[in-house]
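J.: Next up is a structure, given as structure tokens.
The values are calculated or read from the model by the stated rules, or taken from the named source; none is laboratory data. Quick caveat: nothing in here was measured; it's all calculated off a predicted structure. Positions of Cβ are backbone-derived with ideal geometry, glycine not excepted, and every protein chain shown enters the neighbour counts. Note: accessible area is taken over every heavy atom of the protein model, side chains too, but ligands, DNA and RNA are not part of it. Shrake-Rupley method; radii C 1.70, N 1.55, O 1.52, S 1.80 Å.
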Amino acid sequence: MSDSSIHTGRGRSTDPAAAETPRLRADARRNRDQILAAAREVFADQGPGAPLEEVALRAGVGIATLYRRFADRQALLRAVTLDVLARSAREARLALAEEPDAFQALARYMHRALDLRIGVVMPELVKLIPLEEVEIFSAREASSQPIQAMIAGAQAEGTLRADVAFGDIGLLIIRLGRPLPAPFTRDLDTRIAHRHLDLLLDGLRAAPSAARLPAPAMTLADLQAMSFDDL
């Protein structure tokens, strides 16, 4: 077979195997991303010992596909840790670059951290991952640096208390990220967490410029009407 029989136009190959390779690579990347996202949610809900079959099911892939991407549970835990740290770093950098001041950047980052459930899953993962490993250590540094920059910048602007430390921000995210017990639904729990974060960010001060808090504003009657029989 001559070269001309498998090439047309501007030298583009019509070999089916060559055309298939990029698609397969894209599929593999998509499967990996879906598994990592599902694992983050499953580990946040059930802990890092959750069945990997549940991770595969939530990712929409077969368990064999999961094991092709990650040889064992430890490999998946490590990958999720790196993925969460990378997402944290990315959100912090974007907030710094796009928000008008450091305090707004910090507020945006903390809200995104709640959405990503960083404060729920990371405390469980760090118990099982060697934090001194070079790649993990570098990822932690990359995640913490823009957050430290937001804190320092906001304090220099006079918009953040001078006695707030890095640990305060991280621990607040962990505390707010912890799910409320039944009968709070996942959606209601998330909305309340964001509401409470806005309360913290505003410092509970009454001021004409304070933004209106988002719903729901749960009253005592609302809480009393909820059933806690399942606790």
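J.: Give just the number: which of (1) in a helix (DSSP H, G or I); (2) in contact with a helix residue (DSSP H, G or I) (Cβ under 8 Å, 6 or more places away or on another chain); (3) at pLDDT 95 or above does residue 31 not satisfy?
T.: (3)
J.: Kindly provide the set of residues from the stretch 68-82 that are under 14 Å from residue 129 (Cβ atoms) and either in contact (Cβ under 8 Å) with a residue 40 or more places away in the chain or in contact with a Gly (Cβ under 9 Å, 6 or more places away or on another chain) (or both), ordered by number.
T.: 73, 74, 76, 77, 78, 79, 80, 81, 82
J.: Condition first: surrounded by 10 or more Cβ atoms within 10 Å (Cβ to Cβ) and either assigned to a loop (DSSP other than H, G, I, E, B) or modelled with pLDDT under 75 (or both). Now tell me which residues in the stretch 218-227 satisfy that.
T.: Listed by number, the residues that qualify are 218, 226.
J.: (1) modelled with pLDDT of 85 or more; (2) exposed (fewer than 13 other Cβ atoms within 10 Å of the Cβ): which one isn't true of residue 207, the others all being true?
T.: (1)
So that you can scan it fast, the table gives a plain yes or no per residue for (1) without any contact (Cβ under 8 Å) to a residue 40 or more places away in the chain; (2) exposed (fewer than 13 other Cβ atoms within 10 Å of the Cβ); (3) under 18 Å from the mean Cα position of the chain (by Cα):
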position: 54; (1), (2), (3): yes, no, no
position: 60; (1), (2), (3): yes, yes, no
position: 66; (1), (2), (3): yes, no, no
position: 84; (1), (2), (3): no, no, yes
position: 122; (1), (2), (3): no, no, yes
position: 143; (1), (2), (3): no, no, yes
position: 146; (1), (2), (3): no, no, yes
position: 151; (1), (2), (3): no, no, no
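J.: Output the residues belonging to the stretch 126-139 that are in a helix (DSSP H, G or I), surrounded by fewer than 19 Cβ atoms within 10 Å (Cβ to Cβ) and within 17 Å of the chain's Cα centre (by Cα).
T.: 136
J.: Next question. Of the numbered conditions (1) under 10 Å from the mean Cα position of the chain (by Cα); (2) more than 18 Å from residue 33 (Cα to Cα); (3) open to solvent by less than 10 Å² (accessible area, probe 1.4 Å); (4) not small (Gly, Ala, Ser), residue 114 satisfies every one except a single condition; which is it?
T.: So the condition that residue 114 fails would be (3).
J.: Okay, moving on. Within the stretch 161-190, which residues are under 19 Å from residue 214 (Cβ atoms) and part of a loop (DSSP other than H, G, I, E, B)?
T.: Those that are under 19 Å from residue 214 (Cβ atoms) and part of a loop (DSSP other than H, G, I, E, B): 179, 180, 184, 185.
J.: Just name the residue that is surrounded by the most Cβ atoms within 10 Å (Cβ to Cβ) out of those in the stretch 153-194 that are among the hydroxyl-bearing types (Ser, Thr, Tyr) and over 15 Å from the mean Cα position of the chain (by Cα).
T.: Only one residue tops the list, namely 159.
J.: Which one is surrounded by the most Cβ atoms within 10 Å (Cβ to Cβ) among residues in the stretch 87-97 that are closer than 12 Å to residue 146 by Cβ and not small (Gly, Ala, Ser)?
T.: Per the stated criteria, the residue is 91.
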